[in-house]
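Following: one structure in structure tokens, then a few remarks.
The values are calculated or read from the model by the stated rules, or taken from the named source; none is laboratory data. Keep in mind that this is a model prediction, so the values were computed, not measured. Glycine also receives a Cβ, built like all others from the backbone with ideal geometry; neighbour counts cover every protein chain displayed. For the accessible areas, the whole protein counts, side chains as well, though only heavy atoms, and no ligand, DNA or RNA atoms are used. Shrake-Rupley method; radii C 1.70, N 1.55, O 1.52, S 1.80 Å.
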Amino acid sequence: MSEVLHKEVDEARQGEAYAPFLDDPNKFSKKFYIESYGCAMNFADSEVVASILNEEGYGATRDQDEAHLVLINTCSIREKAEQTIRNRLQHFKRLKEKDPGMLVAIMGCMAERLKAKLLEEEKLVDIVVGPDAYRSLPNLIAETEGGQKSVNVLLSRDETYSDIAPIRIDSNGISAFVSIMRGCNNMCTFCVVPFTRGRERSRDTESIIKECQQLVDEGYKEVTLLGQNVDSYYYTNKDGHNVTFAELLEKVALLSPQLRVRFSTSHPKDITDDVLYTMAKYNNICKCIHLPMQSGSTRLLAQMNRTYTREWFMHKVTRVREILPDCGITTDVIAGFCSETEEDHQDSLSLMAFSRFDMAYMYAYSERPGTLAARRFTDDVPEDVKNRRLTEIINQQMIIQNEANVHEIGKVYEVLIEGDSKRSADDWCGRNSQSKILVFPKSVAGLKKGDYVNVKVTKTTSATLIGEIV
Ligand code: SAM
Ligand code: SF4
Ligand code: F3S
């Protein structure tokens, strides 16, 4: 059973290449081509980089062959993610052989993790740039002019790119990511992110509000506020007031009742009742929380340094259901972490059965060099056992989702139309507040992308609700 690629950005978008300036191909003499992998933070960063390159006279292209600069925004979260990128680098190696003048830059988490090693291992890379060093890209490009290689992987304590207006490369013009913080201080033992993204820091509240307001003015209907741990958002304003995540959420929700507000990711130890009550107060804050469980065993949770217990997690799920009865809850689970026994595995299955998640991203544990787990523990669950446990976890989750789907039939949801359905241009596709995808015929004339409609569910498939406009 293969693992699932990471969340907020679905599998279909992994490696997506985009071109924000295609409408004006003559405006820029130089072209860049960018591919993004990993989580939504990386996709949001690519939009910041597009803006920086735009200022330098680079326009984007979807055509690799006409690119002067190729950028690959990389992910290190699991071995498989890095392997995908290594394969991609081989592809660009062949392209560079045809066009030696083309620059190849590797950016993001793998650039940070492997640093200058990438120049030695992957002889084709010209530039290595870490997540906090994107402002230096113009200098790094200039440094390569004499044929040298250039590297900047310095992590920062305060870089949030707050003053850079990202170039929206989301093609639907309806939904946008807005980064509200960077880095992570949590040090979950299995996780490479604290090493690739550095210390946690929150972005200036005013700049977040300004960016969201601009999106509203441009006709966007949905923002997703991004951070590795959004509940620890904390920013001291000029007047000395400390803004919490609940307050930030409220400020964004108040910009327009037409704007849907989502956020990701929450940490079970940090999500507060204040956040839940703020969600309850505003209809336009979507009723969906991504609450990564990781394991159902208190012993393993301690070994993972998640700082909550099985009982704490149960309490959080119960609290969400009490305050927000119609809220969707999604999760991440890891199978086969160091020393996981059959009993620990059963604990994960039973906590998932208790929580009845609407959706889950399920992974086999992949040891990452340099993490606390790699240094302290042995990756001792055999691959076949990890995969068998992962399969059991996935199968149980599918049963839970299918059971939940039965109860969806007959329900009416407000859906934001995001575009044509992938299968047929005769159908619309959109999501409800709980983030479930709905597909329904274009039975009412005059509707367009970005409109809200009420849809009654008539049928379900495992991942999609089928319905009709009412
Ligand atoms: N900050 C979020 C959190 O606290 O859950 C998301 C972190 S990570 C980008 C997304 C998910 O990848 C994690 O929740 C975890 O389930 C999974 N993950 C992280 N490191 C992993 C590893 N070494 N092996 C397998 N899965 C891993
Ligand atoms: Fe990784 Fe844990 Fe931070 Fe999430 S909270 S990014 S899992 S260290
Ligand atoms: Fe995201 Fe992957 Fe980095 S999940 S933070 S791009 S390691």
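Segment 240-305 to segment 105-140: how many Å between their Cα centroids?
What the calculation gives is 33 Å, centre to centre.
Sort segment 136-241 into rounded, prolate or oblate with this rule: let a ≥ b ≥ c be the square roots of the eigenvalues of the Cα gyration tensor; rounded if a/c is under 1.5, and if a/c is not under 1.5, prolate when a/b is larger than b/c, oblate otherwise.
It comes out oblate by the Cα gyration axes.
What does the charge count around H241 come to, taking other residues whose C-beta lies under 14 Å from its C-beta (Lys +1, Arg +1, Asp -1, Glu -1)?
Summing Lys/Arg as +1 and Asp/Glu as -1 gives -3.
Between K238 and E79, what's the calculated FRET efficiency when r is the beta-carbon distance and R0 is 41 Å? Round to 0.05.
Step by step, r from the Cβ atoms, then E = 0.35.
For segment 412-469, what is Rg from Cα atoms divided by 2.2 N^0.38 Å, rounded to two decimals?
0.96
If you take the square roots of the eigenvalues of the alpha-carbon gyration tensor of segment 355-470 and sort them as a ≥ b ≥ c, do you get rounded (a/c under 1.5), prolate (a/b over b/c) or oblate?
prolate
What percent does the relative contact order of segment 54-193 come to when contacts are Cα pairs within less than 8 Å and at least six residues apart?
For segment 54-193, the relative contact order is 19 percent.
Using the structure shown, select from K96/K149; K316/K386; K80/K386; K31/K96 the pairs with a Cα to Cα distance greater than 18 angstrom.
Beyond 18 Å between Cα atoms: K316/K386.
Straight-line reach from K210: which aspartates and glutamates have a Cα under 12 Å away, not including same-chain ones fewer than 8 places off?
D163
Which shape class applies to segment 41-83: rounded if a/c is under 1.5, otherwise prolate when a/b exceeds b/c and oblate if not, where a ≥ b ≥ c are the square roots of the Cα gyration tensor eigenvalues?
In terms of gyration-tensor shape, oblate.
At 7 Å along Cα-to-Cβ for each site, give me the label-to-label distance between R319 and H407 in nm.
Each label point is offset 7 Å from its Cα along the Cβ direction, giving 2.2 nm.
Of all the accessible heavy-atom surface of segment 56-148, with the other protein chains kept in place and a 1.4 Å probe, what percent is carbon and sulfur?
C and S fraction of accessible area: 48 percent.
Can you give the Rg to Rh ratio of segment 198-323, both from alpha-carbon atoms, with Rh computed by the Kirkwood formula?
Rg/Rh: 1.00.
What's the extension gain from T391 to E97 if we count 0.36 nm per residue and subtract their Cα-Cα distance?
101.6 nm
For I34, enumerate residues with amide H under 5 Å from its amide H, sequence gap 5+ or separate chain, H modeled in the peptide plane.
Y18, T61, L71
How much of the accessible area of segment 412-469, in percent, comes from carbon and sulfur atoms when a 1.4 Å probe is used?
It is 49 percent, rounded to a whole number.
Could you give the dipole magnitude of segment 172-285 about its Cα centre, charging the beta-carbon of Lys and Arg +1 and that of Asp and Glu -1, in debye to the nearest 20?
About 300 debye.
Can you list the residues, at least 5 places off or on another chain, whose amide H is less than 5 Å from the amide H of E56, using H built in the peptide plane?
Amide H neighbours of E56: none.
With each pseudo-label sitting 7 Å past Cα toward Cβ, what's the E311-R135 distance in nm, one decimal?
Using points 7 Å along Cα→Cβ, the separation is 4.8 nm.
Give me the net charge for the shell around T307: Cβ to Cβ below 10 angstrom, other residues only, Lys and Arg +1, Asp and Glu -1.
Charge balance in the 10 Å sphere: +1.
Of all alpha-carbon pairs in the chain, indicate the percentage at a distance above 43 angstrom.
So the portion of pairs separated by more than 43 Å is 13 percent.
How much of the DSSP bridge set in the chain is antiparallel, in percent, rounded to the nearest 5?
35
Please give the per residue accessible area of segment 287-407, computed with a probe of 1.4 Å over protein heavy atoms only, in Å².
On a per-residue basis, 40 Å².
Ranking request for peptides 160-168, 368-376: highest mean number of other beta-carbon atoms within 10 Å first, then the rest in descending order.
160-168, 368-376
On full extension of the chain, what length is gained from N283 through S424, given 0.36 nm per residue of separation minus the C-alpha to C-alpha distance?
47.7 nm
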